[in-house]
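Data block below; observations after.
The values are calculated or read from the model by the stated rules, or taken from the named source; none is laboratory data. All figures in this text were calculated on a predicted structure; none of them were measured in a lab. Note that each Cβ is placed from the backbone with ideal geometry, even for glycine, and that neighbours are counted across all protein chains shown. When the accessible area is computed, the model is the full protein with side chains, heavy atoms only, and any ligands, DNA or RNA have been set aside. Shrake-Rupley method; radii C 1.70, N 1.55, O 1.52, S 1.80 Å.
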Amino acid sequence: RVSSPESTLQLWEFKRRGLPLFVFWTAAEWVQGKDNGWEKKYQRPGDSLEKRPVVFRWPGEPLKEPVWVDLLNGEVLSFPENRMKACADGVIFMDVPVYDSPCLLTERAAVDIQ
């Protein structure tokens, strides 16, 4: 099962055409609060288009032709293979761009690209 240490990351795993497909978005951001502490500031969708990098782990194999898909604007980008690290219990995806709109990380063959 896919997981992340990010408490504000919504992260879901599906299969499409028999291939793994991860859907994710952020539901909040961390801001400097009173007394120099950190607090979550929940955002309404569309408040920010700024992407930030996140990490998540999956107990499968590295993707062969990974792509990152922005469902808001339809952008499809190759996901760098050097941002996937195989480990004893699966694979770690590093520096995955995320913001407050759903995005995908999957195999190229799982999405229809025109």
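Numbers for the structure displayed
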{"read-out": "Leading residue by the ranking (nearest to the chain's Cα centre (by Cα)) among those in the range 56-90 that are surrounded by fewer than 15 Cβ atoms within 10 Å (Cβ to Cβ) and among the basic types (Lys, Arg)", "value": "LYS85"}
{"read-out": "Complete set of residues in the range 91-112 that are free of Cβ contacts under 8 Å to residues at least 40 places away in the same chain, of a type in the set (A, V, I, L, M) and open to solvent by 10 Å² or more (accessible area, probe 1.4 Å)", "value": "ILE92"}
{"read-out": "VAL55 being β-branched (Val, Ile, Thr), modelled with pLDDT of 90 or more and touching a helix residue (DSSP H, G or I) at 6+ places or on another chain (Cβ under 8 Å)", "value": "no"}
{"read-out": "Residue match in the range 29-50 (condition: surrounded by 15 or more Cβ atoms within 10 Å (Cβ to Cβ) and modelled with pLDDT under 70)", "value": "yes"}
